[in-house]
Amino acid sequence: MYRNLNIFRSYSTSWESVIGVEIHAQIKTTTKLFSNAPNSFASLPNTLVSLMDCSYPGSLPSLNTRCVSLAIKTGIALNCKVNKKSYFERKHYFFPDLPSGYQITQQSIPLLINGHLTITMPDYEKTIRIQQIKLEQDSGKTLSDIDRDLSMIDLNRAGTGLMEIVTEPDLSSSNEVAIFIKNVIGILQTVGSCDCNMDQVYTFFFLINTFIFKGFIKM
């Protein structure tokens, strides 16, 4: 891993952590990312589903430009570069609540890249790099608590527009993560791109990727 191991004489005695965050935020629009089906929480199952959402043969996506503009507003607020060209790609999942067998997302050239957000801790400030913000569609929902012998599918959320905000692994403590996420919530609510209402499942959630190690002491 290291070309010149002579510069490292011993291990540190304390554990260190390297943390990156993936934030998934539902975009605040009245319709979904690629269809005109409405977005609404707690509606009756399978009442907000278009032919595109259930992957009916011959149905074609139609991009919701409001999702794009709200994502760009979010990216500008997070000091991101807006790519003049970006692409959607297929990411294959074989889930029962994903009728197409793939998610439409962005990976190679997302809408927004190379942002940053500075957080203020009690004793210092730290700038967290944002690798990318991409648009993607959500899947449906599998319900397993209605009948113990059956799993039921609700496609109301299928095709809902999401922003995925991905940081670089620049965070090093749970306190930093908490402050960073609170700051992002404030920005999303201020620009109006997401309600960040965690009482409504999947409207706003995040994944914490953590690497814990004992660091080297450089002599």
**Request:** At 1.4 Å probe size, with every protein chain present, just tell me what the per residue accessible area of segment 19-98 comes to in Å².
**Result:** 60 Å²
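I want the local charge near residue 106. Using Cβ-Cβ distances under 9 Å, sum +1 for each Lys or Arg and -1 for each Asp or Glu among the other residues.
-2
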**Item:** Within the chain, helix-based [θ] at 222 nm, where runs of 4 or more DSSP H residues each add -39,500 (n - 2.57), nearest 500
**Value:** -4500 deg cm²/dmol
**Complete:** Counting lysine pairs in the chain that sit 8 or more positions apart or on different chains, with Cα atoms under 21 Å apart, gives 21
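So if we plug the beta-carbon distance of residue 211 and residue 65 into 1/(1 + (r/R0)^6) with R0 = 45 Å, what FRET efficiency do we get, rounded to 0.05?
Once the sixth-power term is evaluated, E becomes 0.70.
When a/c is below 1.5 the answer is rounded, else prolate if a/b is larger than b/c, else oblate, so apply that to the chain with a ≥ b ≥ c taken from the square roots of the Cα gyration tensor eigenvalues.
Here the chain falls in the prolate category.
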**Request:** Rounded to the nearest Å, what's the spacing between the alpha carbon centres of segment 108-174 and segment 20-83? Just the number, please.
**Result:** 13 Å
**Fill in**
Note on segment 23-145: alpha-carbon gyration tensor, axes a ≥ b ≥ c; rule is a/c under 1.5 for rounded, else prolate if a/b larger than b/c, else oblate; result prolate
**Complete:** Simple SL model, points at 7 angstrom along Cα→Cβ for residue 116 and residue 55; separation in nm is 4.2 nm
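The values are calculated or read from the model by the stated rules, or taken from the named source; none is laboratory data. Because the structure is predicted, anything quoted here is derived from the model rather than measured. With ideal geometry, Cβ positions are generated from the backbone for all residues, glycine too; neighbour counts draw on all protein chains shown. Ligands, DNA and RNA are stripped out before the accessible areas are found, and what is left, the full protein with its side chains, is counted by its heavy atoms. Shrake-Rupley method; radii C 1.70, N 1.55, O 1.52, S 1.80 Å.
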